[in-house]
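A.B. asks: Can you read through this structure? Questions will come right after.
Read-outs throughout are calculated quantities, based only on the coordinates presented, and are distinct from any laboratory measurement. Just so it is clear, the model here is predicted, and its values are computed rather than measured. Heads up, the Cβs are rebuilt from the backbone with ideal geometry, glycines too, and the neighbour counts pull from every protein chain shown.
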Amino acid sequence: MFLVKCPWCGWRDQTEFSYGGEAHIARPLEPGQISDQEWGDYIYTRTNTKGIHAERWVHTQACGRWFNALRHTVTDVMWDSYKMGEDAPTPPKDWDGLTCCDDHKKLAEGAKK
């Protein structure tokens, strides 16, 4: 198990949440006007990212709100979360997938001292 950061409730155990699939998948504007192949791609084709992946989550055991989050698929560490409609936060290039955004910031501040 791992921790998930709800933008409203903060860091909580993964068991409080339900996974909603890959984030930022745009529904076709005119579903009746696309081919079966295009519809199938929309329904079934997703990236299988090794590393940073944008995902949808819902906080089922608390506020019930949907949000997006960036998770490292190898380590299962969440970088950060963001509300629907907001731009995704960008992890630094040196992020190894072992720390969350809050821990990474603390480590960076400690290194500056």
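A.B. asks: Nearest 20 debye, what's the magnitude of the dipole of the chain about its Cα centre given +1 on Lys and Arg Cβ and -1 on Asp and Glu Cβ?
C.D. replies: Dipole magnitude for the chain comes out near 440 debye.
A.B. asks: If you don't mind, another one. Among 92-98, 19-25, what's the highest-first ranking by average C-beta atoms within 10 angstrom per residue?
C.D. replies: 19-25, 92-98
A.B. asks: Show which aspartates and glutamates lie in cross-link reach of Lys83 when reach means a straight Cα distance below 14 angstrom and same-chain residues fewer than eight apart are skipped.
C.D. replies: Within reach: Glu55.
A.B. asks: Okay, moving on. Give the list, by residue number, of cysteines in the chain with no other Cys Cβ closer than 4.7 Å, or say none.
C.D. replies: Cys63, Cys100, Cys101
A.B. asks: Between rounded, prolate and oblate, where does the stretch 3-112 land on the alpha carbon gyration tensor, with a ≥ b ≥ c its root eigenvalues, rounded for a/c under 1.5, else prolate if a/b exceeds b/c?
C.D. replies: Prolate, because a/c is 1.5 or more and a/b exceeds b/c.
A.B. asks: Same structure again: Angle, helix 101-112 long axis vs. longest principal axis of the chain, Cα atoms, 0 to 90°, nearest 10?
C.D. replies: Between helix and principal axis, roughly 40 degrees.
A.B. asks: Expressed as a rounded percentage, what relative contact order does the chain have, with Cα pairs under 8 Å and six or more residues apart?
C.D. replies: Once divided by the residue count of the chain, the mean separation gives 23 percent.
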